[in-house]
1. At pLDDT below 95, closer than 22 Å to residue 190 by Cβ and either over 14 Å from the mean Cα position of the chain (by Cα) or buried (at least 23 other Cβ atoms within 10 Å of the Cβ) (or both): is that true of residue 126 in this structure?
2. When both residues are 6+ apart or on different chains and their Cβ atoms are under 7 Å apart, which pairs have a first residue that lies in the range 147-161 and is surrounded by fewer than 14 Cβ atoms within 10 Å (Cβ to Cβ), and a second that is modelled with pLDDT under 95?
3. Assess whether residue 81 counts as being in a loop (DSSP other than H, G, I, E, B), surrounded by 15 or more Cβ atoms within 10 Å (Cβ to Cβ), within 15 Å of the chain's Cα centre (by Cα) and touching a residue at least 24 places away in the same chain (Cβ under 8 Å).
4. Out of the residues in the range 194-204 that are under 18 Å from residue 122 (Cα atoms) and in contact with a helix residue (DSSP H, G or I) (Cβ under 8 Å, 6 or more places away or on another chain), which is surrounded by the most Cβ atoms within 10 Å (Cβ to Cβ)?
5. Which number in (1) outside any loop (DSSP other than H, G, I, E, B); (2) loosely packed, with under 14 Cβ neighbours inside 10 Å; (3) at pLDDT 95 or above marks the one condition that residue 142 misses?
6. Can we say residue 52 is closer than 29 Å to residue 106 by Cα, at pLDDT 95 or above and surrounded by fewer than 17 Cβ atoms within 10 Å (Cβ to Cβ)?
7. Take the residues of the range 154-200 that are part of a helix (DSSP H, G or I) and touching a strand residue (DSSP E or B) at 6+ places or on another chain (Cβ under 6 Å): which is farthest from residue 85 (Cα to Cα)?
8. Which one of the conditions (1) loosely packed, with under 14 Cβ neighbours inside 10 Å; (2) in a strand (DSSP E or B) does residue 110 fail to meet, given that it meets all the rest?
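The values are calculated or read from the model by the stated rules, or taken from the named source; none is laboratory data. Just so it is clear, the structure is predicted and the values come from calculations on it, not from any experiment. No Cβ is skipped: glycine too gets one built from the backbone with ideal geometry, and neighbour counts run over all protein chains shown.
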């Protein structure tokens with residue numbers, strides 16, 4: 001069973017619908033017990049970093065999420081679900097989950113680019129990437145995914161970057177470390193290529 005974590009700030013229906021389209025058994029839950037017992041976890045999110053972390057703590061979900069990741073339960077973070085993996089964000093004052101070293105930084109771009117970064121953009125595997133992320137099987141370089149964000153992850157360990165995207169500068173658009181996966185883009189909004197990535201996660 002894949003548990004989609006409900007902390008009040010995610011596109012829960014669109015994520016679960018997309019997973020069901022690729023054959024997954026899905027439960028949307030805000031219960032710590034469900035998170036602790038999940039075969040796989042998906043943490044989506046749209047909104048502000050501090051509020052998201054506050055909601056995870058209020059619902060007592062931080063510990064079961066971090067324990068699941070530490071024990072090797074496959075995890076897919078989407079948008080805020082990627083950003084909260086890091087130690088802190090320039091968006092606020094709250095500490096992140098601290099699963100990965102690094103921070104989340106606000107875009108500084110020159111016209112005609114605008115913040116937030118919104119819409120379709122290309123992804124590519126970084127030069128010298130170690131191995132090929134299993135979620136990217138059948139996803140070619142230069143595929144387009146859908147983004148909506150004003151901040152991006154800046155990991156201390158660049159080997160964790162599975163995909164990069166250019167928006168005024170290159171930034172990490174996907175993170176991968178063993179069975180930990182996270183995307184800055186929204187696969188559930190990215191049509192066929194996004195469904196392919198989700199299908200690959202179901203098969204992990």
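1. Yes, satisfied.
2. 159/130
3. The answer is no for residue 81.
4. 197
5. The single condition residue 142 does not satisfy is (1).
6. It is false that residue 52 is closer than 29 Å to residue 106 by Cα, at pLDDT 95 or above and surrounded by fewer than 17 Cβ atoms within 10 Å (Cβ to Cβ).
7. Selected residue: 189.
8. Of (1) loosely packed, with under 14 Cβ neighbours inside 10 Å; (2) in a strand (DSSP E or B), only one is false for residue 110: (2).
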